[in-house]
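Q: Please read through the structure below; I'll follow up with questions.
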Amino acid sequence: MGDPNPQKVAIVAEVQEKFASADAVVLTEYRGLDVTDMAALRDAMREAGGEYKVYKNTLVRFAAKELNLEIDELLVGPTAIAFTGTRPDGTPGDPVTIAKTLADFSKKNENLVIKGGMLDGGLLSTDEIVALSKIAPREELLSRLAGGIAAPMQQFAGLLNAIPQKFAFALSALIEAGGGVADEVVEAAEEVVEAAEEVVEAAEEVVEAA
């Protein structure tokens, strides 16, 4: 036997590295997509923080075998693979956005067929990838979480600021009364206690929101 083809060896190593490092991998069949379609899909994937590459099934099969990945049934027909990567602005792509980009493209162009894939090393079916595509993107989820926490945090900060003011009012009442009007002092102190209770309630809301 002759020596292994260096180019094929390099491609197998490349596929193995991408399989091992990508958070998500989606295998597609691109039969029927023309050059313009492929260019548009690659651009969309790049913007989404992914990479879309065409590989020969034999080389992908060999790379997968070395990593003990059972994806032979997905390697039928011309195969192009999407990997999570990095967006043009340097931020990392996420599995949801990659899945959504492919799912949206396949709705507009039936020549793109999602065959299956992997998420954090686990195998995904076509239906699971489509379901993944319907989840809100990471940035949107973080924005919702931040918004949910911000309101009780602002309330919490406001109540904390109110407590020193309540104490100041209590001391002012005591000074003005010359120590002789106990009822007014007690009333002011009760307001301080109420403010403290509100702070505790706000803190509990913060914990629940987190």
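Q: At 7 Å along the Cα-to-beta-carbon direction for both Asp72 and Asn111, put a label point, then send me their distance in nm to one decimal.
A: If labels sit at Asp72 and Asn111, their model points lie 3.1 nm apart.
Q: Let me ask something additional. Can you bin the range 6-135 into rounded, prolate or oblate? Criterion: square roots of the alpha carbon gyration tensor eigenvalues sorted a ≥ b ≥ c, rounded for a/c under 1.5, prolate for a/b above b/c, oblate for the rest.
A: rounded
Q: On a straight-distance basis, which lysines could pair with Lys100 in a cross-link, Cα separation under 26 angstrom, same-chain partners fewer than 8 positions away excluded?
A: Lys18, Lys53, Lys56, Lys108, Lys115, Lys134
Quick note: the coordinates plus some simple rules give every number you see, no bench work behind them. A quick note: this is a predicted structure, and the numbers were derived from the prediction, not measured. Heads up, the Cβs are rebuilt from the backbone with ideal geometry, glycines too, and the neighbour counts pull from every protein chain shown.
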